[in-house]
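The values are calculated or read from the model by the stated rules, or taken from the named source; none is laboratory data. Quick caveat, the model's predicted, so the values are computed rather than measured. Glycine gets a Cβ as well: all are built from the backbone with ideal geometry, and neighbour counts include every protein chain shown. When the accessible area is computed, the model is the full protein with side chains, heavy atoms only, and any ligands, DNA or RNA have been set aside. Shrake-Rupley method; radii C 1.70, N 1.55, O 1.52, S 1.80 Å.
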Amino acid sequence: MSAERLCLDDSVQQLAGVGPRLTEKLARLGLSTIRDVVYHLPLRYQDRTQVTPLSRARLKMEVVVEATIHANQLQYGKRRSLLVRVSDDTGMLSLRFFYFNREQQLRLAVGRRIRCFGEIRRGPQSIEMVHPEVRFLDDPSAAAMDSALTPIYPSTEGLHQLSLRKLVVQALDVLRLDGDDAQHIDALIRTHDQTKHDLPALEHALNYVHRPPFGAPLEPLWQGIHPAQQRLAIEELLAHQLSLRRLRQTTRQQRAPKFASPGELRPKLKAALGFTLTRAQQRVITEIDRDLARAQPMLRLLQGDVGAGKTAVAAMIAARVLAAHYQVALMAPTELLAEQHARTFTRWFAPNEIEVLSLTGRLTAAAKRKLHARLATAEPFIVVGTHALFQADVRFGRLGLIVVDEQHRFGVDQRLALLEKGTNGGVRPHQLIMTATPIPRTLAMTAYADLDVSVLDELPPKRRPVTTTVIPESRRDEIVARINEACTHGRQAYWVCPLIDESEVLDHQAATDTAVELSAALPRLRIGLVHGRLKELAKAEVMQRFVAGELDLLVATTVIEVGVDVPNANLMIIENSERLGLAQLHQLRGRVGRGEAQSACVLLYKSPLSETARHRLHTMRETNDGFVIAERDLELRGPGEVLGTRQTGLAAFKIADLSRDRHLLPVVRSLADAVLSSSPELGDRLIGRWLVHKVDYAKV
Ligand code: ADP
Ligand code: MG
């Protein structure tokens, strides 16, 4: 079959060498058309074209080095290994082998010159390669170097890189003849790229990233900042942006109940709160009210740092909806938090004759059936629960508002599924998503382009910033004394034991051991323990006692991370804090500093600290500001991690990287405006081409 007759829309089966088995493997990678192959971009490159001096080899790079062996020894650690030390004129490298025989060991003799290829890793003394490919330079058959960089593609079991490379070459031939309508978008990018990145045309960019020419610089390609990659990144970000904006448009075209009046319930609720709303809370409520007064579903993200008072905002919004005789569902990420919200809302709403229902894991089957029947009626109520609220067998009779708490881990798909859930006769509920993970503005505008965003940027009055200290494990005794001091003065404290290993068993073990140990050291204190393995009922009971002040010290795993609110607790100890990420540390610390007393957070760590861990702990000591912490987190971990892995599909970007490519976002936004206003069909094609995420618009 000749390339002339093919176009990008044709099936991969049209390419030479693609039979049913290969087709099936390609399908697993989401590759069904020739176009899909063209946009299947390399993850990284191997450089087998040149020898890299050791001084220039960076961690994680895959490089060829030429060096002389000067030591060869067996090591007996956790695992026996063969360690071969080599050096060139510029630096040292260790080669480590776990599998080797006597003959291989002898061949790697001191004094021999070798060429090896492998990934550079960090070793105990110097950089290392584990199981490199080794060639001996005194062997005349040592192969010549490659003439171009080798692209490495995302692949699947049984699919060889070489087959992918062959397919890409054919697909690029088809692209050359088909063109894929690139002129239009190329021209748009040229006009909108004010910063003059001087980006190549699409076809050139695709050819370049798939087959970097001889002499192509590895460094920028490695970092993803080569103009060819940036050209593709712009387009991918644009496609993503367009799909979210379209989602937003679609949502806006739907019908929702209109809540034009604040209703008679609000003033009563205000009185029941026991505090005056901050200005920020009032402003945010006004913003949300404007959405509710429209007959289109609200999709709004409420960002507010831990302790900013998002729950009270949710209650005020709920009051408006309830007053109009509609139902409100509040979804929390954990049972613990759902229970707490149920208690808070009961305290606020029960005096006003609004029923607060709670759908938790500990309901019996019969109780659950009964509750489900209530939900399906048209009575107004608030129902609080975990994601169990939105399981298949739950139907709402008259749902007006869904509040999702602390769900920064929620992606587009889930947002849609929720909207779908409450739909009744074509009318959809409003949706308010609350998050304590402050997201840097540019990122928020990209990741949540389908949402409106409100920011609660003021803490309730009289709060004092938490004082944070970073202390080595070895000074544990001092901390125990400090807890004793605080608790004998009527205060309460948390002691958090994070995952020691990736195993739940050990997790609960560590917390249990710590509780036993602390009970022995602090015999006069009342100590409680919560961890993920306790039954819901037992967990809730312990929490309840801590809330009621019947426990002085709560030993916990990170189950208490989100949302737990006990203002009298003003001391937080976090063990093994070096193992936690910034966002999680900030969340945990947010459990204290909720009352008027000065609060303290002690971060205990085990030495030695890694570079990033040191950085994280330093940041925690330096600031209480969630936005500053989020920015740092973004630098340290990258956006995929910051936003959570299951979110919008950002983690699945093929080439773009939100933190690296942040400078492109303004261009992307103005391009999105241009495409939407001048050529929506181009938008469709871009979305199709990049498969940003597979939202089923038909269902919306
Ligand atoms: P978050 O935003 O982290 O969910 P919460 O809603 O749990 O914060 O509120 C934290 C604490 O602050 C709660 O004890 C709450 O009752 C209290 N609070 C909320 N708003 C105010 C306010 N305007 N004035 C005083 N206290 C408030
Ligand atoms: Mg909260």
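So here's what we get for this one:
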item	result
Candidate set: the stretch 564-585, residues that are within 14 Å of ligand 2 (Cβ to nearest atom) and open to solvent by less than 10 Å² (accessible area, probe 1.4 Å); chosen: the one modelled with the highest pLDDT	VAL566
Checking ASN484 against (1) open to solvent by 30 Å² or more (accessible area, probe 1.4 Å); (2) in a strand (DSSP E or B), the condition it does not meet	(2)
Criterion violated by ALA366 - all others in (1) under 19 Å from LYS268 (Cβ atoms); (2) in a helix (DSSP H, G or I); (3) aliphatic (A, V, I, L, M) satisfied	(1)
Subset of the stretch 563-582 (residues that are farther than 18 Å from LEU459 by Cβ and of a type in the set (A, V, I, L, M))	LEU571, ILE573, ILE574, LEU580, LEU582
Output for the stretch 257-284, where each listed residue is away from ligand 2 (no atom under 16 Å from the Cβ) and of a type in the set (A, V, I, L, M, F, W, C)	PHE259, ALA260, LEU265, LEU269, ALA271, ALA272
Qualifying residues in the stretch 304-336 (those that are in contact with a strand residue (DSSP E or B) (Cβ under 7 Å, 6 or more places away or on another chain), within 12 Å of ligand 2 (Cβ to nearest atom) and open to solvent by less than 10 Å² (accessible area, probe 1.4 Å)) - the one farthest from VAL628 (Cα to Cα)	LEU330
Filter result (within 16 Å of ligand 1 (Cβ to nearest atom) and either more than 29 Å from MET331 (Cβ to Cβ) or at pLDDT 90 or above (or both)) within the stretch 518-546	PHE546
Qualifying residue in the stretch 258-278 (condition: away from ligand 1 (no atom under 16 Å from the Cβ), within 25 Å of the chain's Cα centre (by Cα) and either farther than 30 Å from ARG464 by Cβ or in a loop (DSSP other than H, G, I, E, B) (or both))	no
Residues within the stretch 91-137 that are more than 44 Å from the chain's Cα centre (by Cα), under 21 Å from THR49 (Cβ atoms) and not in a strand (DSSP E or B), tallied	1
The stretch 609-621 residues that are open to solvent by less than 10 Å² (accessible area, probe 1.4 Å), paired with ones that are in a helix (DSSP H, G or I) (beta carbon under 6 Å, 6 or more apart)	ALA613/GLU578; THR619/ARG632; MET620/LEU585
In the stretch 339-363, residue nearest to ligand 2 (Cβ to nearest atom) [restricted to those that are part of a loop (DSSP other than H, G, I, E, B) and more than 34 Å from the chain's Cα centre (by Cα)]	ILE354
Residue that is farthest from ligand 1 (Cβ to nearest atom) [pool: residues in the stretch 401-418 that are modelled with pLDDT of 65 or more and either in contact with a strand residue (DSSP E or B) (Cβ under 6 Å, 6 or more places away or on another chain) or over 14 Å from LEU299 (Cα atoms) (or both)]	LEU418
Yes/no for GLY595 being within 16 Å of ligand 1 (Cβ to nearest atom), at pLDDT below 90 and open to solvent by less than 10 Å² (accessible area, probe 1.4 Å)	no
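For every residue, the table says whether it meets (1) without any contact (Cβ under 8 Å) to a residue 60 or more places away in the chain; (2) on the phi < 0 side of the Ramachandran plot; (3) of a type in the set (S, T, N, Q).
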residue: ARG135; (1), (2), (3): yes, yes, no
residue: ASP139; (1), (2), (3): yes, yes, no
residue: SER155; (1), (2), (3): no, yes, yes
residue: GLN161; (1), (2), (3): yes, yes, yes
residue: LYS166; (1), (2), (3): no, yes, no
residue: LEU175; (1), (2), (3): no, yes, no
residue: ALA182; (1), (2), (3): yes, yes, no
residue: ILE189; (1), (2), (3): no, yes, no
residue: LEU199; (1), (2), (3): yes, yes, no
